[in-house]
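Participant: My structure is below; once you've seen it, I'll send some questions.
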Amino acid sequence: MQTELQWQQILSRDARQDGRFVFAVRTTGVYCRPSCPSRRPRRDSVEFFASPQAAERAGYRACLRCKPTQVSEQAQHVIRARRLLDNSEGTLTLAELSKRVGVSAFHLQRLFKRATGLSPREYQAARRTQQLKSRLRAGADVTSSLYDVGYGSPSRLYEAADQQLGMTPATYGRGGAGERIAFAVADSPMGKLLVAATQRGICAVRFGDDAKSLESELRREFHAADIHRDDTTLRGFVSAVLTALSARRPLLELPLDIRATAFQQKVWSALQQIPAGETRSYSQIARELGEPSATRAVARACAANPVALVIPCHRVVRGNGDVAGYRWGVQRKKELLRRERAAPETC
């Protein structure tokens, strides 16, 4: 499971993973950092190592392009800042963090956001949420957990609960217990299609090869929720998605119940503005958001999209036009784009 996550990080050239592991390519005998700009190898020719030293002991040599044994001074600043934030018991202000790293607050803010897609403050908020989730999953009570991870008061946590957890903290701590999620599975030109929704809106739209696997994945994600199949109630949602898939008319705006960081929300909103049949590059989206250096962060936000088609991440491609990096398979992404381009214009 860990290697598959690392593979996805390689596909998205996730610079945040540089220094955490390297990958080696058997056919070339070379090892690289995750963000290496070289063309991605075949999955079956790749193996992973915790360090450059481990890769070299296995007989691989360092890539001359990404230089995995070298870390720039700027990257060292970001790595040090992340370690300080990860090991901090409380919240560090930007001024405190920059003083401990040894650079100006303005410079650190710019470096950190370019590398991670988040400001140090946003990074701490996301880390705090993940820590809270881990404690709640382990059975800890909400009150002690919220103070342990750095929330100043219960009101601060509950103000952001819907956006960060998709439900109240107590409900999330019970694995979604009390939440009712209906789902339906239908045949589509892209294989099996699963649509799931809470009372607030659609929480998942996914493609797969068989209905059982799609249902199992949904149940793993919301393991303690009341999940039941209801083709009748979700008929309208399923019909809307299938109609969009057939490209007979654009997908109408549907209510959503999905969790996202502030940056993911901005990216997903931008994706919904791309007309059917057109594409944008990851770097174009980053520039549109006023974050020209956040190309990799945009790619990560696309990969995290939980609702295929409704948020059309398939319309984002690499800068050279290559179609890659689709959560539900590159062939499906190519077919979606082909269908949209071949469809007659609609009004």
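Matching residues to (1) in contact (Cβ under 8 Å) with a residue 24 or more places away in the chain; (2) charged (D, E, K, R); (3) out of contact with any strand residue (DSSP E or B) (no Cβ under 7 Å at 6 or more places or on another chain); (4) surrounded by 12 or more Cβ atoms within 10 Å (Cβ to Cβ):
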site	(1), (2), (3), (4)
Asp14	yes, yes, yes, yes
Val22	yes, no, no, yes
Thr27	no, no, yes, no
Val30	yes, no, no, yes
Ala50	yes, no, no, no
Arg65	yes, yes, yes, yes
Arg80	no, yes, yes, yes
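Participant: List the number of the failed condition for Ala177; all other conditions in (1) at pLDDT 80 or above; (2) in contact with a helix residue (DSSP H, G or I) (Cβ under 9 Å, 6 or more places away or on another chain); (3) not β-branched (Val, Ile, Thr) hold.
Facilitator: Unmet for Ala177, out of (1) at pLDDT 80 or above; (2) in contact with a helix residue (DSSP H, G or I) (Cβ under 9 Å, 6 or more places away or on another chain); (3) not β-branched (Val, Ile, Thr): (1).
Participant: Being over 26 Å from the mean Cα position of the chain (by Cα) and over 16 Å from Arg20 (Cα atoms), is that true of even one residue in the stretch 74-81? Explain how you work it out, then say what you get.
Facilitator: As a first pass, look at the stretch 74-81 and keep what is over 26 Å from the mean Cα position of the chain (by Cα): none.
Scanning the stretch 74-81, I find no residue that is over 26 Å from the mean Cα position of the chain (by Cα) and over 16 Å from Arg20 (Cα atoms), so the answer is no.
Participant: Report yes if Arg13 is under 26 Å from the mean Cα position of the chain (by Cα), at positive phi and in a loop (DSSP other than H, G, I, E, B), otherwise no.
Facilitator: Answer is yes for this residue.
Participant: Would you confirm whether any residue within the stretch 67-75 is modelled with pLDDT of 75 or more and either of a type in the set (Gly, Ala, Ser) or surrounded by 17 or more Cβ atoms within 10 Å (Cβ to Cβ) (or both)?
Facilitator: yes
Participant: Sticking with this one: Quick one: count up the residues across the stretch 209-230 that are surrounded by fewer than 20 Cβ atoms within 10 Å (Cβ to Cβ), touching a residue at least 24 places away in the same chain (Cβ under 8 Å) and in contact with a strand residue (DSSP E or B) (Cβ under 9 Å, 6 or more places away or on another chain).
Facilitator: Taking the stretch 209-230 first, the residues surrounded by fewer than 20 Cβ atoms within 10 Å (Cβ to Cβ) are 209-213, 215-217, 219-221, 223-224, 226-230.
Of the ones still in play, those that are also touching a residue at least 24 places away in the same chain (Cβ under 8 Å) are 211, 215, 223-224, 226-230.
Those still in the list that are in contact with a strand residue (DSSP E or B) (Cβ under 9 Å, 6 or more places away or on another chain) too: 211, 215, 226-230.
Adding up the residues that qualify gives 7.
Participant: Tell me, which helices (runs of 4 or more DSSP H) lie completely within the stretch 30-110 with 3 or more residues that are in the same structural domain as Ala15 (by TED's automatic domain parsing) and more than 18 Å from Arg296 (Cα to Cα)? Walk me through it before giving the result.
Facilitator: Numbers: elements: 52-57, 73-87, 94-101.
Because the criterion is at least 3 residues that are in the same structural domain as Ala15 (by TED's automatic domain parsing) and more than 18 Å from Arg296 (Cα to Cα), the helices (runs of 4 or more DSSP H) in the stretch 30-110 that meet it are 52-57.
Participant: Tally the residues that are at pLDDT below 85 and within 19 Å of Leu245 (Cβ to Cβ), restricting the search to the stretch 256-287. Walk me through it before giving the result.
Facilitator: As a first pass, look at the stretch 256-287 and keep what is at pLDDT below 85: 256-266, 269, 272-273, 275-277.
Applying the additional criterion that residues be within 19 Å of Leu245 (Cβ to Cβ) yields 256, 272, 275-277.
Of the residues in the stretch 256-287, 5 are at pLDDT below 85 and within 19 Å of Leu245 (Cβ to Cβ).
The values are calculated or read from the model by the stated rules, or taken from the named source; none is laboratory data. These numbers were taken from a predicted model, which means no experiment stands behind them. Glycine gets a Cβ as well: all are built from the backbone with ideal geometry, and neighbour counts include every protein chain shown.
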